[in-house]
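The values are calculated or read from the model by the stated rules, or taken from the named source; none is laboratory data. In this text the structure is predicted, and so the values were computed from the model without any measurement. Note that we place each Cβ from the backbone using ideal geometry, even for glycine, and neighbour counts take in every protein chain shown.
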Amino acid sequence: MPQTSPHYGVARIRCHEKGLIGRDRMARLIDGNANDAVRQLVDAGYGSMPDATIEDADRLIESELKDTYALVREVSFQPAQTDVFLMKADVHNLKMLLKLRLTGSKDAPALMQGGLYTTAQLQTMVQNADYRELPPEFKAALEKLEQGFQSRVDPVAVSVALDSAYTDYALRVGDAFVKEYFKVQADFNNLLTLLRLRAMGAGAEKLKSVLLTEGYISHSKLLGSMEAPMDSLGKTVGTGPAREGIIRGIDAYIKTGNISAVEKERDDALMAMAGEGKLQSDTIAPVIGYLLAREQEAKCIRLILTAKRNGLDDAIITERLRALYG
């Protein structure tokens, strides 16, 4: 049964926040080799796998995330808000399962854990093309896709439709923080799409067909920026709470030609937003913040371990590392 006490929920999260890896420990992970990094994680109790080795790195991370999702479900006193973020796994899994069905692939899908639906439930929905159990935004998007598949199969359309449905869902059920978070995320993702299409020489019509739901940046402004000078693009589209991050990301992209700079600004901006409510004691913000902190932490650990195994320089790891919580 869901619990309703903000003080209990936040107090439980405060206890678990002490186990976050943090900047100093993350820096120490970078200093050693891959085996040293895993040993440090195990010694810190990360993943609850005391005998883990480098071969268990992915399972170690997944174990920590599994525990995180279970904790969030247990302590959340506003499940409608935390469910929005847990739904991310379902969106990913729906994409994978639907694309596999459409292509006839027999490969085992790389499914995510922690969603609101079991993988068996989602597999049944996709197999039967019956989406009545999903929120209305997803039901409508998937039924429209199914109708379109009668004439042609477009894997890109699957991702666009489900990502847009996800944003629409968050904007309908979310509180002020959730809505702001998803609008900023939509802005960055639409901007990334614009930059990729510009690099390919595509036009505004192509962009129009793959834009996600609007955030703070209107579709008309994005479409009008397809032919705008690149050196003025940041000031042209930059708006909303993440305006400075958008401008920094575009400036870095212009200098380096590397779109990952914009992706990093997106991830850092969203984490900064998550950290703003960390000290609140009577809202759901610390619970959501902890969930997002663990997911960001997992990305950083995976980056470090992958880079170490592939012999990448520590400076490259540091450059690509995302900001952490708090």
Answer with yes or no whether Gly275 is outside the structural domain of Val10 (by TED's automatic domain parsing) and either in contact with an Asp or Glu (Cβ under 6 Å, 6 or more places away or on another chain) or within 26 Å of Gly203 (Cα to Cα) (or both).
no
With respect to Leu212, is the statement that it is touching a residue at least 40 places away in the same chain (Cβ under 8 Å), outside any helix (DSSP H, G or I) and either surrounded by 16 or more Cβ atoms within 10 Å (Cβ to Cβ) or in contact with a Lys or Arg (Cβ under 7 Å, 6 or more places away or on another chain) (or both) true?
yes
Might you check whether a residue that is buried (at least 19 other Cβ atoms within 10 Å of the Cβ) and either assigned by TED's automatic domain parsing to the domain that holds Val160 or closer than 24 Å to Arg322 by Cα (or both) occurs anywhere in the range 256-263?
yes
Of residues in the range 156-175 being β-branched (Val, Ile, Thr) and under 12 Å from Lys95 (Cα atoms), the one surrounded by the most Cβ atoms within 10 Å (Cβ to Cβ):
Val158
Is it true that some residue in the range 77-89 is among the basic types (Lys, Arg), out of contact with any Lys or Arg (no Cβ under 8 Å at 6 or more places or on another chain) and touching a residue at least 40 places away in the same chain (Cβ under 8 Å)?
yes
May I ask you to verify whether Ile61 is at pLDDT below 95 and in the same structural domain as Ile21 (by TED's automatic domain parsing)?
no
Across the range 270-296, which residue is farthest from Leu65 (Cα to Cα) among those that are under 12 Å from the mean Cα position of the chain (by Cα) and touching a residue at least 60 places away in the same chain (Cβ under 8 Å)?
Leu270
Selection within the range 303-326 - part of a helix (DSSP H, G or I), of a type in the set (Lys, Arg) and either surrounded by 15 or more Cβ atoms within 10 Å (Cβ to Cβ) or modelled with pLDDT of 95 or more (or both)
Lys308, Arg320
For Lys95, indicate whether it is over 23 Å from Arg294 (Cα atoms), surrounded by fewer than 20 Cβ atoms within 10 Å (Cβ to Cβ), at pLDDT 95 or above and out of contact with any Pro (no Cβ under 8 Å at 6 or more places or on another chain).
yes
Of those in the range 113-128 that are in a loop (DSSP other than H, G, I, E, B) and touching a Leu at 6+ places or on another chain (Cβ under 9 Å), the residue surrounded by the fewest Cβ atoms within 10 Å (Cβ to Cβ) is Gln113
Being surrounded by 19 or more Cβ atoms within 10 Å (Cβ to Cβ) and more than 20 Å from the chain's Cα centre (by Cα) narrows it down to one of Val178, Val153, Val237, so name that one.
Val237
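Yes or no, residue by residue, for (1) among the aromatic types (Phe, Trp, Tyr); (2) over 30 Å from Glu64 (Cβ atoms); (3) modelled with pLDDT of 95 or more; (4) outside the structural domain of Asp163 (by TED's automatic domain parsing):
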position	(1), (2), (3), (4)
Asp107	no, no, no, no
Gly114	no, no, no, no
Tyr117	yes, no, yes, no
Leu134	no, no, yes, no
Lys139	no, yes, yes, no
Gln147	no, yes, no, no
List every residue pair whose Cβ atoms lie under 8 Å apart, where the two residues are 6 or more positions apart in sequence or sit on different chains, the first residue falls within the range 114-137 and is within 26 Å of Ala298 (Cβ to Cβ), and the second residue, located anywhere, is charged (D, E, K, R) and not in a helix (DSSP H, G or I).
Tyr117/Glu133; Gln121/Glu133
